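Asks: One structure follows; several queries about it will come next.
Please treat every number below as a calculation from the coordinates, not as lab data. Since we're looking at a predicted model, the values are computed, not measured. Here the Cβ positions follow ideal geometry from the backbone for every residue, glycine too, while neighbour counts run over all protein chains shown.
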Amino acid sequence: MNQQIKDQIVLRVLSRFAERSQVGINKYNTTLERTDLSTLEWLTHAQEEAMDFVLYLERLKDEVKTFKKKNYETIISRTNEVL
């Protein structure tokens, strides 16, 4: 890639990809260019990662719901105090 990237978000994401790659290399002592996995095994790994991602989303949704509920209760409580 010879072009200059000016978008700081893109640069941050690229940096995180590079860091993540190094973590994988350190952990598995190989890169994604490895040839010891079949296409089905690669698909299984991808599916497992996607399943983890869905679980993370569900957990974060719970956190947002709890946050909204607490804020709503606080607003109601403060409103009642004023009234």
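Every residue, every condition in (1) assigned to a helix (DSSP H, G or I); (2) in contact (Cβ under 8 Å) with a residue 24 or more places away in the chain; (3) loosely packed, with under 10 Cβ neighbours inside 10 Å, yes or no:
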{"position": "Lys27", "(1), (2), (3)": "yes, no, yes"}
{"position": "Thr30", "(1), (2), (3)": "no, no, no"}
{"position": "Thr35", "(1), (2), (3)": "no, no, yes"}
{"position": "Glu41", "(1), (2), (3)": "yes, no, no"}
{"position": "His45", "(1), (2), (3)": "yes, no, no"}
{"position": "Glu48", "(1), (2), (3)": "yes, no, no"}
{"position": "Lys61", "(1), (2), (3)": "yes, no, no"}
{"position": "Lys65", "(1), (2), (3)": "yes, no, no"}
{"position": "Lys68", "(1), (2), (3)": "yes, no, no"}
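Asks: Follow-up. Out of Leu40, Leu11, Leu32, which single residue is touching a Ser or Thr at 6+ places or on another chain (Cβ under 9 Å) and of a type outside the set (Lys, Arg)?
Replies: Leu32
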